[in-house]
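Peer 1: My questions all concern the structure below.
The values are calculated or read from the model by the stated rules, or taken from the named source; none is laboratory data. Predicted, not measured: the structure shown is a model, and the values here were computed from it. Positions of Cβ are backbone-derived with ideal geometry, glycine not excepted, and every protein chain shown enters the neighbour counts. Only protein heavy atoms, including side chains, enter the accessible area calculation; ligands, DNA and RNA are left aside. Shrake-Rupley method; radii C 1.70, N 1.55, O 1.52, S 1.80 Å.
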Amino acid sequence: MDWLAAVRSLRDDGRPAVLATVIAVRGHAPREAGAKMVVAPDSTWDSIGGGNLEAEVIDRARAMIAEGATVPETLAFALNEHVANRHGRQCCGGEVQVLLEPLNVDPAVAIFGVGHVGYELARILSRLRLRLHLVDSRADQLDPLRLADVTAGPATVVVHHAPAPETVLRTLPPGAHIYIMTHDHAEDFLLCDAALHRGDLQVGLIGSNAKWARFRKRLLAEGHTDADTIRCPIGLSGITAKAPAAIAVAVAAELLASLPALAAPPAG
């Protein structure tokens, strides 16, 4: 797999990486300007020349991934016998500059229940650069014609017809934001239970304070001492309108407040 195919594959899998590009060469060097490689936490693709140069780039790229870096960095290397580090010496005699660009993962959001509110929320979120999962146990709610306005946006939309929606919940990446708004309170409860068992998701549940009081009591009885990590009601508190589109706007606004880096791609 070359570096470009690796970038595509990593994006599809929701895995972070760093793209390393040789941007300047002076004198002798293992690779020419423009050479690229991709570094993931556990793999690399292509090469910028091997040896000390490449090992140093891989180390820094993986540190950037671990730090969640979002800003590119430039590294300079003198490749001569007088310069040594923990990876040894490289005696090509030239100088190289390498640009490290973080390939950050698009945020993952899952809507469980694509009814009136779920559909309106999906329409709004589909205009943002994120990975949007639409999950419903009812096939008709996921009809391609019904979702045409959602799938036409910049978001990567993944549709799941799941008679047992909790099976989809288990496949979501850590830190994913999920909104539980199915047509069935029993299904809502099962999803809340499954999400708390995972313990690494951001969970919002549609409903009133009365609904949450009932759910909270049952979840505590099931042994979920972290039940209060679920947000219910969802959406900005200052928006009290109950029309599906208004609720969706309130929920989307709340999500954006928690993801300040989330933005639509430039127009055009």
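Peer 1: Less than 17 Å apart at the alpha-carbon level, and either on another chain or at least 8 residues along: which aspartates and glutamates does that give for residue 242?
Peer 2: 120, 254
Peer 1: Something else now. Expressed in nm to one decimal, what extension gain is obtained for the pair residue 4 and residue 237 from 0.36 nm per residue of sequence separation less their Cα-Cα distance? Could the numbers behind the result be given before it?
Peer 2: Values: separation 233, 0.36 × 233 = 83.88 nm, distance 4.41 nm.
Taking 0.36 nm per residue and subtracting the Cα distance, the gain is 79.5 nm.
Peer 1: Under 8 Å for C-alpha pairs, at least 6 residues apart: give me the relative contact order for segment 3-103, rounded to a whole percent.
Peer 2: Relative contact order comes out at 34 percent.
Peer 1: Tell me which of 249, 50, 196 sits at the most positive position along the dipole axis of the chain, charges placed on C-beta atoms (Lys, Arg +1; Asp, Glu -1).
Peer 2: 249
Peer 1: Another question about this same structure. Rounded to the nearest 10 degrees, what's the angle between the helix 244-258 long axis and the longest principal axis of the chain, both from Cα atoms, 0 to 90?
Peer 2: Rounded to the nearest ten degrees, it is 40.
Peer 1: Give me Rg over Rh for segment 108-263, both radii from the alpha carbons and Rh done the Kirkwood way, two decimal places.
Peer 2: My calculation puts Rg/Rh at 0.93.
Peer 1: From the Cα gyration tensor of segment 87-167, with a ≥ b ≥ c the square roots of its eigenvalues, which class applies: rounded if a/c is under 1.5, or else prolate if a/b is larger than b/c, or else oblate? Could you put the intermediate results ahead of the total?
Peer 2: Working: a/c = 4.62, a/b = 2.95, b/c = 1.56.
Prolate, since a/c reaches 1.5 and a/b exceeds b/c.
Peer 1: Let me ask something else about it. Suppose accessible area is computed on protein heavy atoms with a 1.4 Å probe; arrange 234, 239 from highest to lowest. It would help to have the intermediate numbers written out before the result.
Peer 2: Working: 234 25, 239 70 Å².
The residues order as 239, 234, largest area first.
Peer 1: Would you please classify the overall shape of segment 123-181 from the alpha carbon gyration tensor, given that a ≥ b ≥ c denote the square roots of the eigenvalues, rounded means a/c under 1.5, and beyond that prolate means a/b larger than b/c while oblate covers the rest? Let's see the in-between values first.
Peer 2: Numbers: a/c = 2.26, a/b = 1.12, b/c = 2.02.
Oblate.
Peer 1: Could you check what % of the DSSP bridge pairs in the chain are antiparallel, to the nearest 5?
Peer 2: Around 55 percent antiparallel, to the nearest 5.
Peer 1: Additional query: Specify the angular offset, from 0 to 90 degrees and rounded to the nearest 10, of the alpha carbon long axis of helix 209-221 from the longest principal axis of the alpha carbons in the chain.
Peer 2: Once rounded, one gets 70 degrees.
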